[in-house]
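The values are calculated or read from the model by the stated rules, or taken from the named source; none is laboratory data. The structure presented is a predicted model; accordingly, all values stated were derived computationally and were not measured. Neighbour counts run over all protein chains shown; Cβ positions are idealised from the backbone, glycine included.
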Amino acid sequence: MSKIFTPTNQIRLTNVAIVRLKKAGKRFEIACYKNKVLSWRNNTEKDIDEVLQTHTVFTNVSKGQAAKKDEVIKAFGHDRETDICKEILQKGELQVSEKERQAMLDTQLNGIVTSVAALCVNPETQRPYPITIIEKALKDAHFSVKTNKNIKQQTLEAIKLLKDNIPLERSRMKLKISWSSAPHKHSKEMKKFKEAVQKLSTSIESDEFVSGDEVEEPQLTMTLLIDPGNFRALDELVRSESKGKGLVELLELKHVTEGEEIF
């Protein structure tokens, strides 16, 4: 009986999505499950085994040609195939038909537009923009969706671009800060504390200080709006300056004016 010779560097795969990356003058490819590449890039899929059909680096997936070890090391500096697959998955170009590509772009654009609308408001009215307005503004600004970047990254890029074209800002978080201090220290400490809080805030809605016989310790209560990006810094400020006697309460995750906007 004759034997069938199968080259050891050939692997046959079917129903595959190919991601390609050119590096050091060579083409490298990985074989992925369909519909999983974008899920990985958007961080909705975190298990690499659910994305890769095999932890193998190819020069040509369709022909089943695995990359040679010396070529891999020359291009990536090592031969840890799973790590290399992750790099190709993140930076490479997904090979799909034009129809599939357009469907992917439309899906990503919808996700980006929805995220922008959820995160931002018109600073003149403090109301969110309708999705249709965001979508038109992005089109007018010539925003292009990139399949090798996740929705979060592209949402931030879209917000930055839109700010140059329409009135737009991140919606604010509404917080309440409470702090009690020792009577002989309250004046100096609280003045310094309030100044630090004001630097991290976009606006102070209320500022109440109570001292005297009616309370055991002087009490400071502030209600304010902040950019979401400053929340961690503010929380750390309250913890460190109040030495455990301060409290940060989240009143509204997204502070917007209720009602429909008229354009």
Pairs, first closer than 21 Å to residue 236 by Cα and touching a residue at least 12 places away in the same chain (Cβ under 8 Å) in the stretch 159-177, second assigned to a strand (DSSP E or B) and among the acidic types (Asp, Glu), C-beta under 6 Å, six or more apart: 174/252; 176/249
All positions within the stretch 28-51 that are under 10 Å from residue 18 (Cα atoms) and touching a Cys at 6+ places or on another chain (Cβ under 6 Å): 30
Residue match in the stretch 131-139 (condition: surrounded by fewer than 15 Cβ atoms within 10 Å (Cβ to Cβ), closer than 26 Å to residue 38 by Cα and of a type in the set (Val, Ile, Thr)): yes
Condition broken by residue 261, with the remaining ones in (1) modelled with pLDDT of 80 or more; (2) in contact with a Lys or Arg (Cβ under 8 Å, 6 or more places away or on another chain); (3) among the acidic types (Asp, Glu) satisfied: (1)
Qualifying residue in the stretch 70-86 (condition: closer than 27 Å to residue 110 by Cβ, touching a residue at least 24 places away in the same chain (Cβ under 8 Å) and not small (Gly, Ala, Ser)): yes
Residue satisfying all of: in the stretch 151-180; buried (at least 19 other Cβ atoms within 10 Å of the Cβ) and assigned to a loop (DSSP other than H, G, I, E, B); modelled with the lowest pLDDT among these: 171
Residue within the stretch 190-207 that is at pLDDT below 90, surrounded by 14 or more Cβ atoms within 10 Å (Cβ to Cβ) and either at positive phi or assigned by TED's automatic domain parsing to the domain that holds residue 36 (or both) present: no
Positions within the stretch 17-47 being β-branched (Val, Ile, Thr) and either on the phi > 0 side of the Ramachandran plot or in contact (Cβ under 8 Å) with a residue 40 or more places away in the chain (or both), in sequence order: 18, 19, 30, 37
Test: residue in the stretch 87-94 that is part of a strand (DSSP E or B) and closer than 18 Å to residue 42 by Cα: yes
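Okay, residues lined up against (1) in the same structural domain as residue 35 (by TED's automatic domain parsing); (2) over 25 Å from the mean Cα position of the chain (by Cα); (3) exposed (fewer than 14 other Cβ atoms within 10 Å of the Cβ):
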site	(1), (2), (3)
49	yes, no, yes
54	yes, yes, no
58	yes, yes, no
62	yes, yes, yes
65	yes, yes, no
70	yes, yes, yes
Filter result for residue 252 (at pLDDT below 75 and exposed (fewer than 15 other Cβ atoms within 10 Å of the Cβ)): no
Matching residues in the stretch 95-121 - criterion: being outside any helix (DSSP H, G or I) and over 21 Å from the mean Cα position of the chain (by Cα): 95, 96, 97
The one condition in (1) under 19 Å from residue 149 (Cα atoms); (2) modelled with pLDDT of 95 or more; (3) not polar (S, T, N, Q) that residue 104 fails to fulfil: (2)
